[in-house]
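Student: The structure that follows is given in the form of C-alpha cells.
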Amino acid sequence: MKKVKLSRIVLSGLFLIQACTIKQNVPENYEQYNIIWRTQSKNASESMPLVGGDIGCNVWVENGDILFYLQRSGSMDENGQYLKLGRFRLHLSPDPFEGESFFRQELKLKDGYIEIESEKNGSPDVLKTKLKLWIDVFHPVIYIDVKSNQNTDVTVSYESWRTESMELSGEPQKKERFSAFNLEGYPGKVIRSKDIIEQTTDGITFFHRNPTNKLIPEVLIEQQGLEEYAAEITDDLKNRTFGGILFGENFVFGEVGEGIYQQTPFKSWKLKTKNPQKNHLILIATNIGQTETIEEWKENLSKVKDAATKNPEQTFEKTVDWWHQFWNRSYIFIQSKNPDPKNPVWQMGRNYQLFRYQLGGNVFGEYPAKFNGGNLTFDPVLVNEKVVHDPDWRQWGGAVFTAQNQRLLYWPMLKSGDFDAILPQFELYRKGLPGATARVKKYFGHEGAIYCEYTSVPGIAMGDGWGWQNDYNYRIRGEEIPFGDPRANAATGFGEVVEKGIMANGSIAYHWESQVEHAYMILEYHRFTGNDISAYIPFIEQSLIFFDKHYRLRQKMRNGNELDENGKLVIYPSTSCESYRGAKNPSDLTAGLKACLEALLILDEKYLDTEKRKYYKEYLNSIPDFDYDEVDGDRIIKPAWSWLKYQNVECPQFYPLFPFNRFYLGKDDMTIFRNTWKHGKFPKNMVQSWHQDGIFFARMGMTEEAADYNIKKLQDSERRFPTFWGPGHDWVPDHNWGGSGMIGLQEMLMQTIEDKIILFPAWPKEWDVDFKLHAPGNTTVKCSFQNGKIVQLIVFPKSRTRDIVVNFDNQ
C-alpha cells in the first residue's frame, strides 16, 4: 500500500515538549462536569448513578422520598438472571422537600458521591437538610449521611418484589426468559426462588440463595452431551448467595408494608428513628459468596458490617482519594475553557468522563460490567411501556455476555489506563476455558477451545443457541449432520441442517472471532503495561490453536490435504461477524489470528518455549491473506474471500483497522478502506449501541466524518442523566453505546500501533482539547492543543519521545 506521510515532532518553538514524571494532581476541569438537578425526578428513569468498587445505585428523589436501586457484580441467580439487591426508600419528617424553596441533587464527579440538599421556608426557622450518599470503594458498603439544622425523624425502607417464588413464562411473546437468556426456549419450567428477608437485632437482613436443584449449568451440560466433563466445567452459580443488611444507630423496627411501583407489587420492611436528631447515618453492608451454608455467608456479612462502622469519616476520605487517583489516570477535556452544556462538542468531553465514571463502578467486579446496563438498569416499563416486568428484567440476560458488545466496554480501558477495571473481562474467558475445550474434545477430537459468542462463566454454548428439544426449536426441525459433512456451510438458518458440535443458530454458529479478539486484548494489555499475563496464556493459546487444528482437519476431510495449494489454511465454513454467512477466510478472523500470533512471538521466553515459538511461526505463515476487489475502478477490501449470504449490519471488513491494527496512518494508504466505505452496501451512520463507524473514520483519517459521527455518538441521551443512552439494540443504559463512543474519541486524538504514537490523526483544528492518555510501554502522553496548535506536550518516559508522530494536517 502507498504510504501516507506524517510529520515527526520537532523540538522547536512550535510547542513545548517535556519528558518527565507527571504530577498526581486532579485537574480542576472535573468540577464543570458535575450533574446538578434543581427539581425532583418523576420516576426511576430520571435517576442518577452512584457507583464504587463493584456496586451501582440509581438514586432519585420522587414525591419527597429519596429512593435508590442497589446492584452488585455477581448477584446472579440460579437461572442466570442478574438480580438487584433491592430498592431503598428514605422519608424524612418534617419533610424537607414538601414545598421546598431550594432543591439540589448533585453528582460530585471528582469525589465520586451524590449530595442532595434542600431548604424549606417555615416558622420559625428555615429547615435546611443535606444528604450525602457514597459507596466505599474498597468494601461493599453504602452510606447515607443525613444532616439537618433541626431535629428530624427518618424512616428507611427495604423494598422487595421477590417475596414469593416465581415461574418465568416460556411463552415467546411474554419474553420473561429474555432476562435469563440461557433458558429461552427451554422446554421445562423455570422457577426463580424467593428471597429471604429477616428482621434481626442488628437490622434488616435480606438475601437470595441459589437452590441446590438449579438449571444452570446442569441442563446445558446435559443438553450438549458434556456430562463426562461436568466436574471440570466452572459452576459459578452453585451455592451463590447475595444480599446484605440495612442498619444504623438510633433505629428500631417499624411496620411491614406493601405497595406497587411501576406496575410491580412489592413488600417493605421499615426502620424508624427512636427519637428525632439532627444527624443520622444509615448503612447497607453487602456480601456475595459461594458458601456451603447460609450461616457461613451470614458470618462473612457480619464481618463487613462490623468493619463499616469503625471509622466512616476515614473510609470516606480513602474513597474520595481513590476517585482522585482514578481521575488523574487519564482524561479528555474538550472546549473546557468555555464550558457550554448546550455545545455538543463540549458535551463529548463531559459525557466521556461521565461514562468512564459508570465503568469505574465495576473496577473490582467479580464479573465484567454488562453491556446492557451494567449495575444501573431500572424498571423496564420506563424503557418500553409494553415491557411490564419487574426491575430485574433486562434484554439479553444477565449471566450471558455477548462478546461483540462486551469488548467495546473494555478496549477504551487501555488508553484510559484503567488496567484494573479490564481484568474482570479477562477472567470471564479464563474461567470458561474448561468448558470451551470440552466441546472441542467431545465433538472434534483435537486441541483448542471455542467460546460461544453469547458466552458465560461455564464456557459452554448458550442453551437457546445450541437448540432445545421442543416443538418450535430449530435444532430438531432441521437435520443434524456429522462433523465435516460437505453440507455444513455456516449459512444455515432455522430449520436447516445443523452440524454436530455446532450451535443451531443462523447468526452465531461458527462465529468465533471474539475469542481471538479477547486474546489480542490481553496481549495488548501486556504491551501497554508489561504486567504478567501467565494466567491467561492457556486461554490465548487454546483459542488460537483451535483454528489451526480445526481447519487443517476440515480441509483434509475435503481433499486429503491440510492446506491449500499455497500452503495456507482454508477457513471454511466460517462467518465474518454475524453478517457474512458461509464465509471463506473472513477478514476479521484472519486479521485477528495474524495480530495475535505476531504478538505471541515477541513475548518473553517465560511465556513460550522454543518448540512453541517454532510452531507459532509456522502457524503465522499459514494464515491466508486478505482478499481485494474492484468496484467502479476503486480497489476495496472484502469481508472474506467469499460468502453465501449477507445479513445483519456489521462491518467486519474494517476489523483489520480496528481492533487488529493491521494497517495504520503513516504507513499505509487508507484509500482502499475509504473506497470500501464508499461502495459498501451495509447501513451507514447508524449511531446507536455498538456501531463503530466513528472508530473506523478515525482510523482512516477522515476527520470531518469522525467528528460528525462521534458528536452524535456522545451527545446527551434522551434521558435526564446524559449518559443513560439506549435502548438502541440493547437496553438502558446502553454501555456499549458509551464504550464505542469512548474509543472513537480516543482514536481521533491518539493511535498507538507498533511503536508509533500518532497524535491528532483525525482531530479538527478548531477543537481545543487537553488530554492525558496511555500508550504501550507504560507510556503516558499529556497534551494541550489550543487554537490549532500544540502548546504543551509531556511524555513519560523520556525514551518514548522519539516515537511521537503528529498528523501533518493539523500541524
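Yes or no, residue by residue, for (1) of a type in the set (A, V, I, L, M, F, W, C); (2) closer than 30 Å to F483 by Cα; (3) assigned to a helix (DSSP H, G or I):
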residue: I571; (1), (2), (3): yes, yes, no
residue: E578; (1), (2), (3): no, yes, no
residue: A583; (1), (2), (3): yes, yes, no
residue: D588; (1), (2), (3): no, yes, yes
residue: G592; (1), (2), (3): no, yes, yes
residue: A599; (1), (2), (3): yes, no, yes
residue: K612; (1), (2), (3): no, yes, yes
residue: I623; (1), (2), (3): yes, yes, no
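Student: Right, here's the next one. In segment 641-662, which residues are more than 26 Å from the chain's Cα centre (by Cα) and among the aromatic types (F, W, Y)?
Tutor: Here is the first cut: in segment 641-662, the residues more than 26 Å from the chain's Cα centre (by Cα) are 641-646.
W641, W643, Y646 - these are the residues of segment 641-662 that are more than 26 Å from the chain's Cα centre (by Cα) and among the aromatic types (F, W, Y).
Student: Could you please find all residues in segment 509-522 being open to solvent by 10 Å² or more (accessible area, probe 1.4 Å) and part of a helix (DSSP H, G or I)?
Tutor: Y520
Student: Looking at this structure, is R581 open to solvent by 10 Å² or more (accessible area, probe 1.4 Å) and out of contact with any helix residue (DSSP H, G or I) (no Cβ under 9 Å at 6 or more places or on another chain)?
Tutor: On the way: open to solvent by 10 Å² or more (accessible area, probe 1.4 Å): no; out of contact with any helix residue (DSSP H, G or I) (no Cβ under 9 Å at 6 or more places or on another chain): yes.
In short, no.
Student: Then there is this: Hey, any hits in segment 795-802 for a residue that's surrounded by fewer than 19 Cβ atoms within 10 Å (Cβ to Cβ), among the polar types (S, T, N, Q) and touching a Phe, Trp or Tyr at 6+ places or on another chain (Cβ under 7 Å)?
Tutor: The answer is no, given that none of the residues of segment 795-802 is surrounded by fewer than 19 Cβ atoms within 10 Å (Cβ to Cβ), among the polar types (S, T, N, Q) and touching a Phe, Trp or Tyr at 6+ places or on another chain (Cβ under 7 Å).
Student: Something else about it: Inside segment 443-470, can you point out the residues that are in a strand (DSSP E or B) and either among the β-branched types (V, I, T) or over 17 Å from G398 (Cα atoms) (or both)? Spell out how you get there, then give the answer.
Tutor: As a first pass, look at segment 443-470 and keep what is in a strand (DSSP E or B): 454-455.
The answer is T455, and nothing else.
Student: What are the residues in segment 766-779 that are farther than 13 Å from S799 by Cβ and in contact with a strand residue (DSSP E or B) (Cβ under 9 Å, 6 or more places away or on another chain), if any? It would help to see each step written out before you state the result.
Tutor: Initial filter on segment 766-779 (farther than 13 Å from S799 by Cβ): 766-774.
The answer is W767, D768, V769, D770, F771, K772, L773, H774.
Student: Among the residues of segment 199-244, write down those that are of a type in the set (S, T, Y) and outside any loop (DSSP other than H, G, I, E, B).
Tutor: As a first pass, look at segment 199-244 and keep what is of a type in the set (S, T, Y): 200-201, 205, 212, 229, 234, 241.
Once the filter is applied, which keeps residues that are of a type in the set (S, T, Y) and outside any loop (DSSP other than H, G, I, E, B), segment 199-244 yields T205, Y229, T241.
Student: Do we have V146 as assigned to a loop (DSSP other than H, G, I, E, B), among the aliphatic types (A, V, I, L, M) and in contact with a strand residue (DSSP E or B) (Cβ under 6 Å, 6 or more places away or on another chain) here? It would help to see each step written out before you state the result.
Tutor: Details: assigned to a loop (DSSP other than H, G, I, E, B): no; among the aliphatic types (A, V, I, L, M): yes; in contact with a strand residue (DSSP E or B) (Cβ under 6 Å, 6 or more places away or on another chain): yes.
Against the criterion (assigned to a loop (DSSP other than H, G, I, E, B), among the aliphatic types (A, V, I, L, M) and in contact with a strand residue (DSSP E or B) (Cβ under 6 Å, 6 or more places away or on another chain)), V146 does not qualify.
Student: What are the residues in segment 672-692 that are out of contact with any Asp or Glu (no Cβ under 8 Å at 6 or more places or on another chain) and part of a helix (DSSP H, G or I), if any?
Tutor: Once the filter is applied, which keeps residues that are out of contact with any Asp or Glu (no Cβ under 8 Å at 6 or more places or on another chain) and part of a helix (DSSP H, G or I), segment 672-692 yields I672, F673, R674, T676, W677.
Student: Which numbered condition in (1) open to solvent by 20 Å² or more (accessible area, probe 1.4 Å); (2) modelled with pLDDT of 95 or more; (3) in contact with a Phe, Trp or Tyr (Cβ under 9 Å, 6 or more places away or on another chain) is the only one that I36 fails?
Tutor: Looking at each condition in turn, I36 falls short on (3).
Student: Since H679 meets every condition but one in (1) under 27 Å from N489 (Cα atoms); (2) in contact with a strand residue (DSSP E or B) (Cβ under 8 Å, 6 or more places away or on another chain); (3) surrounded by 15 or more Cβ atoms within 10 Å (Cβ to Cβ), which condition does it not meet?
Tutor: (3)
Student: Scan (1) farther than 30 Å from D532 by Cα; (2) open to solvent by less than 70 Å² (accessible area, probe 1.4 Å) for the single condition Y607 breaks and write down its number.
Tutor: Unmet for Y607, out of (1) farther than 30 Å from D532 by Cα; (2) open to solvent by less than 70 Å² (accessible area, probe 1.4 Å): (1).
Student: Restricting segment 194-210 to residues that are surrounded by fewer than 15 Cβ atoms within 10 Å (Cβ to Cβ) and modelled with pLDDT of 95 or more, which is nearest to S73 (Cα to Cα)?
Tutor: Filtering first and then ranking leaves K194.
Student: If I288 passes every condition in (1) farther than 25 Å from S73 by Cβ; (2) assigned to a strand (DSSP E or B); (3) open to solvent by 20 Å² or more (accessible area, probe 1.4 Å) but one, which one does it miss?
Tutor: Just one mismatch for I288, condition (1).
Student: A further question on this structure: Could you please let me know if S740 is among the hydroxyl-bearing types (S, T, Y), open to solvent by less than 10 Å² (accessible area, probe 1.4 Å) and either at pLDDT 95 or above or assigned to a helix (DSSP H, G or I) (or both)? Can you show your working first?
Tutor: Details: among the hydroxyl-bearing types (S, T, Y): yes; open to solvent by less than 10 Å² (accessible area, probe 1.4 Å): yes; either at pLDDT 95 or above or assigned to a helix (DSSP H, G or I) (or both): yes.
The answer is yes for S740.
The values are calculated or read from the model by the stated rules, or taken from the named source; none is laboratory data. The model shown is predicted, which means the values in this text are computed figures rather than measured ones. Cβ atoms come from the backbone with ideal geometry, glycine included; neighbour counts cover every protein chain shown. All accessible areas refer to the heavy atoms of the entire protein, side chains included, with ligands and DNA or RNA removed. Shrake-Rupley method; radii C 1.70, N 1.55, O 1.52, S 1.80 Å.
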